[in-house]
Amino acid sequence: MSKVGIAAYGTTPFTKDDQKIESILHKSTNDLFQKNPKIDKKEIDAVLISTNNNSKYLSPILSEMSGIQPKIAHSIESLCNSGTNSIVSAFSYISSGLADIVLVSGAERYDSPGQILEWDNSRGEFKHPIFWASIFSKSYKEKYNISDEELAIVSVKNHKQASKNPNALSKKTYTVEDVMNSKKLTDDLKLLDCSRPCTGSASILLASEEIVKKYTDSPTWITGIGQKTTSAGFTKNTSLSSMESTKIAGQSALNMANRNISEIDVAEVHDAFSVCEPMILESLGFTDPGNGMDMIKNLHQTNNFKINPRGGLIGCGHPLGATGISQTIEIIEQLQNNAESRQTDNPKTGLIHNMSAAATSSTVLVLEK
Amino acid sequence: MSFEKELEQGRFYIPECLACKKLVWPPSEFCDNCNEETSLRKEGCEGKIIEFSRQNEEYFCMVEFGDSIRIMAKMIALPKKDQIVKISKCGISEGSYFFQVI
């Protein structure tokens with residue numbers, strides 16, 4: 001398989017602004033081109049759009065607005081992991097030889113229809129994500145004897161890290177007490193345990209080895225990809241305290257990269273709700289089952305930004321179609337030592353975990369410089 | 001297979017494959033195992049509470065029927081894990097199923 005790298009990226013701040021989806025897609029794409037004036041738009045073979053927005057024909061629209069006439073132009077929707085799934089599609093186009101340069105642009109509005117999976121009638125009247133998150137939280141806390149105060153540390157840590165990220169929705173920092181005193185949504189979930197839908201966009205340019213080297217002196221390579229879908233419906237999850245799709249996707253990505261989890265220096269993981277972060281860290285193998293909160297507490301106490309340096313979904317906000325791409329951009333910046341006050345200690349290998357619909361599907365990428 | 005027609009009438013019947021007898025969920029005309037047609041097992045059934053939480057004064061529970069069908073259902077009284085329950089109310093409202101157990 002031929003090598004695929006990331007040559008350029010652009011983003012918008014994540015906000016609660018009421019903007020047209022076409023406009024925010026254009027803003028992050030424009031940011032990419034402004035930062036990389038050497039890129040020749042005529043060479044772009046494919047434009048892939050990651051979004052859950054109901055607007056149609058977005059790839060040709062963005063192409064026209066950006067002055068691109070690609071061979072391949074279409075959208076990709078897979079709820080919350082649309083972003084990394086689009087990156088996998090771009091990788092596939094390039095590694096198969098169908099394309100040499102692919103622009104991937106993801107965007108969402110604060111009122112995205114992708115927040116609720118209407119099809120999943122097994123959830124009865126409890127279709128909003130706060131209900132699966134509450135069931136996960138209750139189950140995880142009971143199984144591993146974890147308190148609400150301990151879980152609140154995830155939100156405290158990720159808001160602290162987001163406060164260093166100029167593009168994050170949240171700039172505030174919080175204490176455990178603040179999280180505990182935030183609005184009670186259910187017996188097992190507070191408002192500050194939740195990521196928030198928002199408006200935002202992120203774009204990256206993937207290219208074959210030869211072209212990446214033409215555009216950048218510091219390319220980032222996608223060395224591992226893992227994907228797994230176990231179901232679409234939340235109630236089909238066999239475990240309520242671990243994530244089967246994440247385990248399988250994580251192992252596949254590490255196998256492809258020929259790496260162990262201990263070699264991952266920095267990671268962005270899909271903390272849609274507080275409980276997701278320890279569950280993901282355990283499912284990826286960063287720590288043993290039940291020890292996720294110990295790892296998170298230690299990282300927080302030592303001010304180590306290894307996990308979710310950009311502030312995670314809880315701190316950054318969660319514009320669904322842009323999230324996986326924004327996570328990927330953070331890992332690129334970390335590997336290039338460009339993450340400013342969020343910078344971890346000279347990372348060489350990074351990981352992105354992006355999932356959908358109560359972890360019924362997961363996508364994991366490994367990036368290296 | 002008329003799962004939704006029965007549900008609209010307040011009846012919850014488990015879909016089952018006519019050929020291999022697998023319980024099929026979510027309800028579908030065809031079996032996800034052998035692709036044959038399904039029908040409804042027209043008998044009352046008991047479920048077991050797997051997990052629950054509470055929003056305001058109402059509990060919401062994950063309830064398992066026949067070892068493979070799991071739904072989210074409302075419950076008024078305090079649930080217990082592994083408690084055996086029955087559907088007391090169900091239907092379709094604005095395109096979404098709803099279930100209540102006792």
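Test A:Asp187 against the criterion of being surrounded by fewer than 18 Cβ atoms within 10 Å (Cβ to Cβ) and within 14 Å of chain B (Cβ to nearest Cβ), and give yes or no. When the stated conditions are applied, A:Asp187 passes them.
For region B:26-34, check the following and say yes or no: at least one residue is more than 9 Å from chain A (Cβ to nearest Cβ) and crowded, with 18+ Cβ neighbours inside 10 Å. Yes, that holds for at least one residue.
Take the residues of region B:60-77 that are of a type in the set (Gly, Ala, Ser) and within 11 Å of chain A (Cβ to nearest Cβ): which is nearest to the chain's Cα centre (by Cα)? Can you show your working first?
Initially, region B:60-77 is screened for residues of a type in the set (Gly, Ala, Ser), giving B:66, B:68, B:73, B:77.
With within 11 Å of chain A (Cβ to nearest Cβ) added as a condition, the list becomes B:68, B:73.
Numbers: B:Ser68: 10, B:Ala73: 8 Å.
Checked region B:60-77; the qualifying residue nearest to the chain's Cα centre (by Cα) is B:Ala73.
The condition of being of a type in the set (A, V, I, L, M) and over 23 Å from A:Ile352 (Cα atoms) holds for only one of A:Leu48, A:Leu32, A:Leu117, A:Leu103, that being A:Leu117. The C-beta contact set for region A:207-219 (first residue among the hydroxyl-bearing types (Ser, Thr, Tyr), second residue exposed (fewer than 13 other Cβ atoms within 10 Å of the Cβ), distance under 8 angstrom, 6+ apart or interchain) comprises A:Ser208/A:Ser2; A:Tyr215/A:Lys38.
Can you work out which of the residues in region A:124-152 that are of a type outside the set (Phe, Trp, Tyr), under 24 Å from A:Cys198 (Cβ atoms) and within 11 Å of chain B (Cβ to nearest Cβ) is surrounded by the most Cβ atoms within 10 Å (Cβ to Cβ)? The residue in question is A:Ser137. In region B:40-59, the qualifying residues are those that are more than 13 Å from chain A (Cβ to nearest Cβ), under 12 Å from B:Lys86 (Cβ atoms) and not charged (D, E, K, R), and the one that is surrounded by the fewest Cβ atoms within 10 Å (Cβ to Cβ) is B:Gly44. Among the residues of region B:78-99, those that are more than 9 Å from chain A (Cβ to nearest Cβ) and modelled with pLDDT of 95 or more comprise B:Leu78, B:Pro79, B:Lys80, B:Asp82, B:Gln83, B:Ile84, B:Val85, B:Lys86, B:Ile87, B:Ser88, B:Lys89, B:Gly91. Could you say whether any residue in region B:36-48 is closer than 27 Å to A:Pro129 by Cβ and at pLDDT 95 or above? Yes, the conditions are met somewhere in region B:36-48.
Out of A:Glu43, A:Glu64, A:Glu108, A:Glu77, report the one residue that is crowded, with 22+ Cβ neighbours inside 10 Å, more than 14 Å from every other protein chain (Cβ to nearest Cβ) and charged (D, E, K, R).
Numbers: A:Glu43 fails: crowded, with 22+ Cβ neighbours inside 10 Å; A:Glu64 fails: crowded, with 22+ Cβ neighbours inside 10 Å; A:Glu77 fails: crowded, with 22+ Cβ neighbours inside 10 Å.
Sole residue among the options that is crowded, with 22+ Cβ neighbours inside 10 Å, more than 14 Å from every other protein chain (Cβ to nearest Cβ) and charged (D, E, K, R): A:Glu108.
Filtered by the rule that a residue be surrounded by fewer than 20 Cβ atoms within 10 Å (Cβ to Cβ) and small (Gly, Ala, Ser), region A:167-184 gives a lone residue, A:Ser182.
Out of curiosity, is A:Ser201 over 18 Å from A:Lys369 (Cβ atoms), modelled with pLDDT of 95 or more and in contact with a helix residue (DSSP H, G or I) (Cβ under 7 Å, 6 or more places away or on another chain)?
Numbers: over 18 Å from A:Lys369 (Cβ atoms): yes; modelled with pLDDT of 95 or more: yes; in contact with a helix residue (DSSP H, G or I) (Cβ under 7 Å, 6 or more places away or on another chain): yes.
Against the criterion (over 18 Å from A:Lys369 (Cβ atoms), modelled with pLDDT of 95 or more and in contact with a helix residue (DSSP H, G or I) (Cβ under 7 Å, 6 or more places away or on another chain)), A:Ser201 qualifies.
Taking region A:194-235, which residues are assigned to a helix (DSSP H, G or I) and surrounded by 18 or more Cβ atoms within 10 Å (Cβ to Cβ)? Can you show your working first?
Our first condition is that a residue be assigned to a helix (DSSP H, G or I); within region A:194-235, this holds for A:209-215, A:234-235.
Within region A:194-235, A:Ile211, A:Val212, A:Tyr215, A:Phe234, A:Thr235 qualify.
Of the residues A:Asn303, A:Asn258, A:Asn291, which is surrounded by fewer than 22 Cβ atoms within 10 Å (Cβ to Cβ), farther than 28 Å from A:Lys27 by Cβ and in contact with a helix residue (DSSP H, G or I) (Cβ under 8 Å, 6 or more places away or on another chain)?
On the way: A:Asn303 fails: in contact with a helix residue (DSSP H, G or I) (Cβ under 8 Å, 6 or more places away or on another chain); A:Asn258 fails: in contact with a helix residue (DSSP H, G or I) (Cβ under 8 Å, 6 or more places away or on another chain).
Residue meeting the stated conditions: A:Asn291.
Within region A:216-243, the set of residues being more than 11 Å from chain B (Cβ to nearest Cβ) and either on the phi > 0 side of the Ramachandran plot or modelled with pLDDT under 95 (or both) comprises A:Thr216, A:Asp217, A:Ser218, A:Pro219. Given the criteria farther than 19 Å from A:Ile325 by Cα, surrounded by 24 or more Cβ atoms within 10 Å (Cβ to Cβ) and out of contact with any Phe, Trp or Tyr (no Cβ under 7 Å at 6 or more places or on another chain), does A:Glu268 qualify? Considered against the rule, which asks whether it is farther than 19 Å from A:Ile325 by Cα, surrounded by 24 or more Cβ atoms within 10 Å (Cβ to Cβ) and out of contact with any Phe, Trp or Tyr (no Cβ under 7 Å at 6 or more places or on another chain), A:Glu268 comes out as no.
Among the residues making up region A:89-140, a single one is in a strand (DSSP E or B) and of a type in the set (D, E, K, R): A:Glu108.
Hey, does region A:74-95 have a residue that's out of contact with any strand residue (DSSP E or B) (no Cβ under 7 Å at 6 or more places or on another chain), closer than 27 Å to A:Glu210 by Cα and not acidic (Asp, Glu)? Let's see the steps before the verdict.
So in region A:74-95, the residues out of contact with any strand residue (DSSP E or B) (no Cβ under 7 Å at 6 or more places or on another chain) come out as A:77, A:92.
Of the ones still in play, those that are also closer than 27 Å to A:Glu210 by Cα are A:92.
After this cut, where a residue has to be not acidic (Asp, Glu) as well, the list is A:92.
Yes: one or more hits.
The values are calculated or read from the model by the stated rules, or taken from the named source; none is laboratory data. Everything quoted here is computed from the prediction, not taken from an experiment. Neighbour counts are summed over all protein chains in view; Cβ atoms, including those assigned to glycine, are modelled from backbone coordinates with ideal geometry.
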